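These notes concern the structure reproduced below.
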Amino acid sequence: MASELHLRVVTPDRVLVDRAVRAVTFHGVDGSYGILPGHAPLMTAIAHAGAVEVRETGGQTTPLFVSSGFAQVQGNVLTLVCEAGEMVHEIDLERVKAAEQKAREKLSHLDKLSEDFLKAEASLQKALMRELLARRAGGTGGMS
């Protein structure tokens, strides 16, 4: 069995991660996954914004933020294709707070059974998750 797993995290804007790691944990639509080297082939959806924890080859843990997409394990490579993703140190807390406020304002004026309400609610959840990850890491962001 290989001692390293290759992780690729891809968004429409960039390749966020493309390196060897020890392990990765993330949340799929049907539960939490822990991927180690030698994992069986897998395909699952990532339905909502959440944290991905990367156990680096040196042993440290690196958190990152991803939103909806899918995950595939094939041939000791885990590929996460996501609508959005950021390294935690890149999260700009001022931008996150503005997005949170905008989503809360939008929610207050929408019918709870409308599609727009569900979209605004998803935007709020995304902003809150980004803020939680940034604060947990002790960073202030500052990059867009």
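The values are calculated or read from the model by the stated rules, or taken from the named source; none is laboratory data. Note that the structure is predicted; figures quoted are calculated from it, not measured. Don't worry about glycine lacking a Cβ; one is built from the backbone with ideal geometry, like all the others, and counts go over all protein chains shown. For accessibility, only protein heavy atoms count, side chains too; no ligands or nucleic acids. Shrake-Rupley method; radii C 1.70, N 1.55, O 1.52, S 1.80 Å.
Within the option set Val73, Val10, being touching a His at 6+ places or on another chain (Cβ under 7 Å) and either over 24 Å from Asp92 (Cβ atoms) or at pLDDT 95 or above (or both) holds for one residue only, Val73. Restricting attention to region 60-71, which residues are in a strand (DSSP E or B) and surrounded by fewer than 20 Cβ atoms within 10 Å (Cβ to Cβ)? Within region 60-71, Thr61, Thr62, Pro63, Gly69, Phe70 qualify.
Candidates are the residues of region 27-59 that are open to solvent by 50 Å² or more (accessible area, probe 1.4 Å), of a type in the set (A, V, I, L, M, F, W, C) and over 17 Å from the mean Cα position of the chain (by Cα); the one that is farthest from Glu90 (Cα to Cα) is Ala40. Considering only residues that are open to solvent by 30 Å² or more (accessible area, probe 1.4 Å) and within 19 Å of Ile35 (Cα to Cα), which ones fall in region 80-94? Within region 80-94, Val81 is the sole residue that qualifies.
Residue check: is Val24 under 22 Å from Leu128 (Cβ atoms) and either modelled with pLDDT under 90 or open to solvent by less than 50 Å² (accessible area, probe 1.4 Å) (or both)? Spelling it out, it is not the case that Val24 is under 22 Å from Leu128 (Cβ atoms) and either modelled with pLDDT under 90 or open to solvent by less than 50 Å² (accessible area, probe 1.4 Å) (or both).
Rundown of residues vs (1) modelled with pLDDT under 95; (2) in a loop (DSSP other than H, G, I, E, B); (3) charged (D, E, K, R), yes/no style:
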{"position": "Met1", "(1), (2), (3)": "yes, yes, no"}
{"position": "Gly58", "(1), (2), (3)": "yes, yes, no"}
{"position": "Leu80", "(1), (2), (3)": "no, no, no"}
{"position": "Val96", "(1), (2), (3)": "yes, no, no"}
